[in-house]
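K.L.:
Handing you a structure now.
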Amino acid sequence: MTNSTVLATMKTKIIYQILKSTFGYDTFRPLQEKCILSVLDKKDTLLIMPTGGGKSLCYQIPALIFSGLTVVISPLISLMKDQVSQLKELGVESEVINSSLSNDEYNTNKMMVQSGQTKLLFVAPETLFKPDILEMLEQCKVDCITIDEAHCISEWGHDFRPDYRRIKDVRLLFPNAAFLAVTATATKRVRHDIISNLMLKEPVELTASFNRDNLFYEVIKKNRPTDQTLDFLEKFKGQSGIIYCFSRKQVDSLTADLNEYGFKALPYHAGLTSEVRTKNQELFIRDDVPIIVATIAFGMGINKPNVRFVIHYDLPKNIESYYQETGRAGRDGLQSQCLLFFNPGDIAKIRYFIDQKTDMLQQRVAIDHLNAMVDFAESRMCRRVPLITYFGEDYAVDNCGQCDNCVNIKEQTVDLTAEAIKFLQCISETEEMFGAVHLINVLRGSQSEKVLNYNHNECRIYGQGSVLSLRQWQNLVRQFIQQRVIDKEEKYGVLSLNKRSYEVLSGKLLFEGYLPEPDKVKSKSKNISRITNYENSLFDELRKKRKELADAKGVPPYVIFSDKSLVEMCQQLPKNKKEFIQVFGVGEQKLKKYGDVFLEIIKNYHN
């Protein structure tokens, strides 16, 4: 056995020991182990892993092995604070430095870093470049620099932040540090931007599956949405959830309605003072209030694992936002629900704001993002297909069993080959030079100026698609693209024929799809009144004790134990500490702190 093999084996053994002893987990999730070993080898690494996939372990475990400091750059003040609370509860020395600290806290945390006691330092990007912080870091041995939410570097991302473009300058100061860039959402173009802007050297690229198989996705027609929301919430009484709205006014109105009907809810939006926002977020995180109604201002950095549902009251602006926001549900791996209300009128609202942009590149990017979001909302194929393939991952499961389209077997596809042929002929007769809007106008016999200028009213196919409405054709075009019957040029949206097009035209390939019909108003959501099969009353007792301990420490309940840990306690009914440490999320520190307390409750429950 070579020295390098022996060393690799030792590293693997060490990281598994830390995984269990510190974090209480027996196994790694996909790609975590590869990423950790890459960082330990001081290789530049890009990790794309979905929300709730376990990105934080990929820099936390190396930080416990490196002799020096690991710096985590994050734009999310709430997440920094949250991670530090959890790490300290596990016995890991970590600190945060950002604009939310008082002068005393700021100086105390700096001293902790300078003393060498701190293993992980969380900083905001604007804080990182303060002269005193750079001077402090230059006096430390920095072994790893992690860039969280790395998609913020790219103008093609959904959350571009100019401050992130400066991070590459840190490379020059710490040439021996490993660079790890992590994000939950990144298309191929955004990944390229991250690598280029951070100047990552021959990076190890790791992309986990974007499939969150514990999430049930559903889209229903928005029709009396307040009533629809109330009906939906009946299935989730007492459980945590987030409802996203487009406007502040809608947030306030819906919050008032929910409270009037007995559902405890708080608002969160930029129109509230920072003190109120912070207070409301804390009450939600600490399980004092189960529901937050919010604009997109809420949620970045929320690490609450027991969010059982996310409702989008209005259409999100892009798939990245939708994916991230729905990803805040079910981070503990337990069954959770994602519901989207869709009304075509929402498209016009978003387009209005896009049209206000003066930068043409930003405008085009926003329109592309919106079109992809509408494709998802109107799709009748498995929801995971447009969602997951958007990020460049192949997904070809016949029936996921975890979305409305797969569960609703009655809405099967029909033969629409005749309609497909008409559209393909229209593309051919107009010489593959136009986008969907113009082609639909030709098919429907429009007298628009553009149609007449190109003499497309003289095409043989002109007017032969007038039986179908504009929206039906728009929906069919999305299906043609999704099923790769036509190609769409990325920059200008020009539609063209491909091999499958000619197979349809020649009769070798049938096209099966659906003609848009009104969505059913009634939700197909699964009734998740309880998380899984376990002793309900024991779970409630354990949850009550968890809340009591958390309040005494001033931390969220999930910092003590996650719902998944409590569920396993109820299922396994450990009788002693040896059995208790086998429970998910129970490491040595938590066994020492809480083992006796929770074992006593379990023992008394069965006496």
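The values are calculated or read from the model by the stated rules, or taken from the named source; none is laboratory data. Every value quoted in this text rests on a predicted model; they were computed, and no experiment measured them. A quick note on method: Cβ atoms are made from the backbone with ideal geometry, for glycine too, and the neighbour counts reach across all protein chains shown. Surface accessibility is based on the protein's heavy atoms, side chains included, excluding ligands, DNA and RNA. Shrake-Rupley method; radii C 1.70, N 1.55, O 1.52, S 1.80 Å.
K.L.:
Starting from the Cα coordinates of the stretch 194-323, work out the convex hull volume and express it per residue in Å³.
P.N.:
Here the figure is 151 Å³ per residue.
K.L.:
Now for a separate question. Tell me, what is a quarter of the convex hull surface for the C-alpha atoms of the stretch 23-72, in nm² with one decimal?
P.N.:
Directional mean of the projected Cα hull area for the stretch 23-72 stands at 3.8 nm².
K.L.:
Compute the signed sum of charges (Lys and Arg +1, Asp and Glu -1) over the other residues within less than 12 Å, Cβ to Cβ, of residue 68.
P.N.:
So the surrounding residues net to +2.
K.L.:
What whole-number distance in Å separates the alpha-carbon centres of the stretch 193-232 and the stretch 102-152?
P.N.:
Comparing the Cα centres of the stretch 193-232 and the stretch 102-152, I get a distance of 30 Å.
K.L.:
Just how much of residue 393 is accessible, in Å², when a 1.4 Å probe is used and the result is rounded to the nearest 10?
P.N.:
Number for this one is 40 Å².
K.L.:
Taking only Cα atoms, what is the 0 to 90° angle, nearest 10, from helix 248-260's long axis to the longest principal axis of the chain?
P.N.:
70 degrees
K.L.:
Say each of residue 547 and residue 606 gets a label point 7 Å from the Cα, pointing the same way as Cα to Cβ; how far apart are those two points in nm?
P.N.:
2.6 nm
K.L.:
Another question about this same structure. Along the principal axes of its C-alpha atoms, what lengths does the stretch 334-420 span, in descending order and rounded to whole Å?
P.N.:
Largest to smallest, the principal-axis extents are 45, 44, 27 Å.
K.L.:
Then there is this: Compute log10 of I(q)/I(0) for the stretch 63-123 with the Debye formula, placing one identical point scatterer on every Cα and leaving out solvent, at q = 0.12 Å⁻¹, to two decimals.
P.N.:
For the requested q values the scattering log ratios are -0.25.
K.L.:
So, one more: Across the Cα atoms of the stretch 99-185, what radius of gyration and what greatest pairwise Cα-Cα distance (Dmax) are found, in Å?
P.N.:
So, for the stretch 99-185, Rg and Dmax equal 13.7, 40 Å respectively.
K.L.:
Could I ask something else about it? Counting just the Cα atoms, what span does the stretch 2-132 cover along each of its three principal axes? Round to the nearest Å and put the largest first.
P.N.:
Dimensions of the stretch 2-132 along the principal axes of its Cα atoms: 51, 31, 28 Å.
K.L.:
Out of (i) 26.4, 87; (ii) 27.9, 91; (iii) 35.3, 120, which label holds the value of Rg and Dmax of the Cα atoms in Å that was computed here?
P.N.:
Label (i) holds the value from this structure.
K.L.:
Okay, next question. Cα axis of helix 470-482 to longest principal axis of the chain: angle in degrees, 0 to 90, nearest 10?
P.N.:
60 degrees
K.L.:
Helix 417-429 versus the longest principal axis of the chain: what is the Cα-based angle in degrees, 0 to 90, to the nearest 10?
P.N.:
Its long axis makes an angle of about 80 degrees.
K.L.:
Sum up the charges of everything whose Cβ sits under 9 Å from the Cβ of residue 436, counting Lys and Arg as +1 and Asp and Glu as -1, but leave residue 436 out.
P.N.:
Its environment carries a net charge of +2.
K.L.:
Over 10 Å intervals from 0, what percent of Cα-Cα pairs in the stretch 536-607 sits in each interval?
P.N.:
21, 62, 17, 0
K.L.:
Taking the alpha carbon gyration tensor of the stretch 374-513, what are the square roots of 5 times its eigenvalues, largest first, to the nearest whole Å?
P.N.:
28, 15, 14
K.L.:
Given Cα positions, please report Rg to Rh for the stretch 281-429, the hydrodynamic radius being the Kirkwood one. Write down the numbers at each step before the final one.
P.N.:
Values: Rg = 18.3 Å, Rh = 17.9 Å.
We get a ratio of 1.02 for the stretch 281-429.
K.L.:
Which entries of 141/279; 13/577; 422/499; 237/547; 11/590; 110/592 show an alpha-carbon separation above 28 angstrom in the structure shown?
P.N.:
141/279; 110/592
K.L.:
Isolated Cys in the chain by the 4.7 Å beta carbon test?
P.N.:
Isolated Cys, the chain: 140, 144, 152, 245, 338, 382, 400, 403, 406, 426, 459, 570.
K.L.:
Principal axes first, then extents: for the Cα atoms of the stretch 294-358, list largest minus smallest coordinate on each axis, whole Å, largest first.
P.N.:
So the three principal-axis extents are 41, 23, 18 Å.
K.L.:
Hey, what do the phi angles of the stretch 67-81 turn into as Karplus ³J(HN,Hα) couplings, whole Hz, using 6.51/-1.76/1.60 and θ = phi - 60°, x for Gly and Pro?
P.N.:
3J(HN,Hα) across the stretch 67-81, in whole Hz: 6, x, 9, 10, 9, 10, 9, 9, x, 9, 4, 5, 5, 4, 4.
K.L.:
Next up: State whether the stretch 241-292 is rounded, prolate or oblate according to the following rule on the C-alpha gyration tensor (a ≥ b ≥ c being the square roots of its eigenvalues): a/c under 1.5 gives rounded; otherwise a/b larger than b/c gives prolate, and the remaining case gives oblate.
P.N.:
oblate
K.L.:
So how strong a dipole does the stretch 250-325 carry about its Cα centre when Lys and Arg Cβ are +1 and Asp and Glu Cβ are -1, to the nearest 20 debye?
P.N.:
In debye, rounded to 20, the stretch 250-325 gives about 180.
K.L.:
Compare the peptides 321-329, 173-181 by average per-residue count of other Cβ atoms within 10 angstrom and give them in order, highest first.
P.N.:
Working: 321-329: 24.0, 173-181: 19.2.
My ranking of the peptides, most packed first, is 321-329, 173-181.
K.L.:
Length gain on complete extension for the stretch residue 288 to residue 414, per 0.36 nm per residue less the alpha carbon to alpha carbon distance?
P.N.:
Full extension from residue 288 to residue 414 adds 40.4 nm.
K.L.:
Still on this structure, please answer the following. Once a ≥ b ≥ c are taken as the square roots of the eigenvalues of the Cα gyration tensor of the stretch 458-514, is the result rounded (a/c under 1.5), prolate (a/b larger than b/c) or oblate (a/b not larger than b/c)? Kindly include the intermediate steps, with their values, before the conclusion.
P.N.:
Working: a/c = 1.31, a/b = 1.13, b/c = 1.16.
Since a/c stays below 1.5, the shape of the stretch 458-514 is classed as rounded.
K.L.:
For the stretch 378-419, rounded, prolate or oblate, judged on the Cα gyration tensor with a ≥ b ≥ c (square roots of eigenvalues), a/c < 1.5 rounded, else prolate if a/b > b/c?
P.N.:
It is oblate, given that a/c is not under 1.5 and a/b is not larger than b/c.
K.L.:
Please give me the summed charge of the neighbours of residue 506: other residues whose Cβ is under 13 Å from its Cβ, Lys and Arg +1, Asp and Glu -1. Numbers along the way, then the final one.
P.N.:
On the way: positive: 499, 500, 508; negative: 503.
In short, +2.
K.L.:
Further question: Highest mean first, how do 475-485, 252-262 rank when packing is the count of other Cβ atoms within 10 Å averaged over residues?
P.N.:
Output ranking for 475-485, 252-262: 475-485, 252-262.
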